[in-house]
Amino acid sequence: MIVSRREAWLGRALLVLLMAVTIVPFISLFVTALHKPGTYPSGLEWPETPYWSNFVDAFQAADMWALLWSSFLIEAGVVPAALLIATLAGFSLGHLRPPGHRWIFLGFVLGLTLPFQAIIVPLYYQMRDLGLLNTRWAIILPLLGLYMPFAVMWMRAHFVTMPPDLSEAARIDGANTWKLFTRVHVPLSRPALSALGILMFLWTWNQFLLAVVLVDDPKNRTMAGALGAFQGQWGTDIPLLCAGSLLILTPTLIVFLAFQRQFVSALMQGALKG
């Protein structure tokens, strides 16, 4: 595909513009977090005396170690289980294709259209009846169900594109369905699994509504959910609030930067197969 120089420069200009729109809010948060506590910074102005201690104060005021541990437990309960269930279901729908698989797939598609906010009230009463309110299970179990439509469709799209010759060769060598799944398809699905795992990690970490509605104790919430309590306590201290927000965003940024190659690899793999 031949691209003219004008189109190339236009594409680069659009990328730079998009990058600026994305980065400017983070720069504004960072600059505001360095102002004197209790002040109201006006605009994007670098302070004469940066207060780096705001990050330490926000870390201690929010009890970040407890929030990190709570978020880790929630991530450990959601991401591995969701990956396992989605991989099994995606392999069944995309490769084994049992009777009625099209209707089952349609059910997952309809699940994507379900507004999350529409089920928060009945979900609250259900968690109350199960005695799970104000526990981490009130976040873990609903997230597993909410992630399934997208996760199953993601893995199904991957298994559908797998060459059938691989399965036929494995069958000839005596592999049963379980060995075909664990020794052939799962190793080849690492890019798709990595990308899906990153997405679910980010979504779980940034989960706010479930954490605020179903869990009262901030130390049992996700980091993003605990920000609501932090904002209620320090809402008038804008620099400290911005410092706390950046501390909450930092782990997700580190995870994405560490695994960005796997994420891009999975997207490119899907694009090339498509």
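Is there a residue in segment 135-148 that is outside any helix (DSSP H, G or I) and more than 24 Å from D217 (Cα to Cα)?
The answer is no; no qualifying residue exists.
Checking the conditions here, which among L180, L146 is open to solvent by 50 Å² or more (accessible area, probe 1.4 Å) and either within 23 Å of L249 (Cα to Cα) or among the hydrophobic types (A, V, I, L, M, F, W, C) (or both)?
Unique residue meeting the criteria: L146.
Among the helices (runs of 4 or more DSSP H) contained in segment 52-131, which hold 1 or more residues that are closer than 30 Å to L246 by Cα and polar (S, T, N, Q)?
53-61, 64-91
Which of (1) open to solvent by less than 60 Å² (accessible area, probe 1.4 Å); (2) within 22 Å of V78 (Cα to Cα) is the odd one out, the single condition M162 does not satisfy?
Every listed condition holds for M162 apart from (2).
Which condition does L29 not pass, out of (1) assigned to a helix (DSSP H, G or I); (2) open to solvent by less than 40 Å² (accessible area, probe 1.4 Å); (3) in contact with a helix residue (DSSP H, G or I) (Cβ under 7 Å, 6 or more places away or on another chain), if it passes all the others?
Against the list (1) assigned to a helix (DSSP H, G or I); (2) open to solvent by less than 40 Å² (accessible area, probe 1.4 Å); (3) in contact with a helix residue (DSSP H, G or I) (Cβ under 7 Å, 6 or more places away or on another chain), L29 comes up short only on (2).
Out of all the residues in segment 8-24, is one or more in contact (Cβ under 8 Å) with a residue 24 or more places away in the chain, surrounded by 10 or more Cβ atoms within 10 Å (Cβ to Cβ) and of a type in the set (A, V, I, L, M, F, W, C)?
no
Among L29, L110, which is the only one that is at pLDDT below 90 and touching a Ser or Thr at 6+ places or on another chain (Cβ under 8 Å)? So that I can check it myself, show each step before the final result.
Values: L110 fails: touching a Ser or Thr at 6+ places or on another chain (Cβ under 8 Å).
Going through L29, L110 in turn, the sole match is L29.
In the set A224, A211, which member is assigned to a helix (DSSP H, G or I), among the small types (G, A, S) and either more than 16 Å from F72 (Cα to Cα) or modelled with pLDDT under 85 (or both)? Before you say what the answer is, go through the steps one by one.
Details: A211 fails: either more than 16 Å from F72 (Cα to Cα) or modelled with pLDDT under 85 (or both).
Going through A224, A211 in turn, the sole match is A224.
State whether one or more residues within segment 111-126 are at positive phi, open to solvent by less than 80 Å² (accessible area, probe 1.4 Å) and not hydrophobic (A, V, I, L, M, F, W, C).
First pass over segment 111-126, keeping only residues at positive phi: none.
No, that holds for no residue.
Please find, among L253, L214, L193, the residue that is closer than 30 Å to Q126 by Cα and hydrophobic (A, V, I, L, M, F, W, C). Working first, answer last.
Numbers: L253 fails: closer than 30 Å to Q126 by Cα; L193 fails: closer than 30 Å to Q126 by Cα.
So the residue among L253, L214, L193 that is closer than 30 Å to Q126 by Cα and hydrophobic (A, V, I, L, M, F, W, C) is L214.
Determine, yes or no, whether T236 is of a type in the set (S, T, Y), at pLDDT below 85 and over 17 Å from the mean Cα position of the chain (by Cα).
Considered against the rule, which asks whether it is of a type in the set (S, T, Y), at pLDDT below 85 and over 17 Å from the mean Cα position of the chain (by Cα), T236 comes out as yes.
The values are calculated or read from the model by the stated rules, or taken from the named source; none is laboratory data. Remember, predicted model here, so these are calculated numbers, not experimental data. Virtual Cβ from ideal backbone geometry, glycine too; neighbours counted across all protein chains shown. The accessibility values were calculated without ligands, DNA or RNA, using every heavy atom of the protein model including side chains. Shrake-Rupley method; radii C 1.70, N 1.55, O 1.52, S 1.80 Å.
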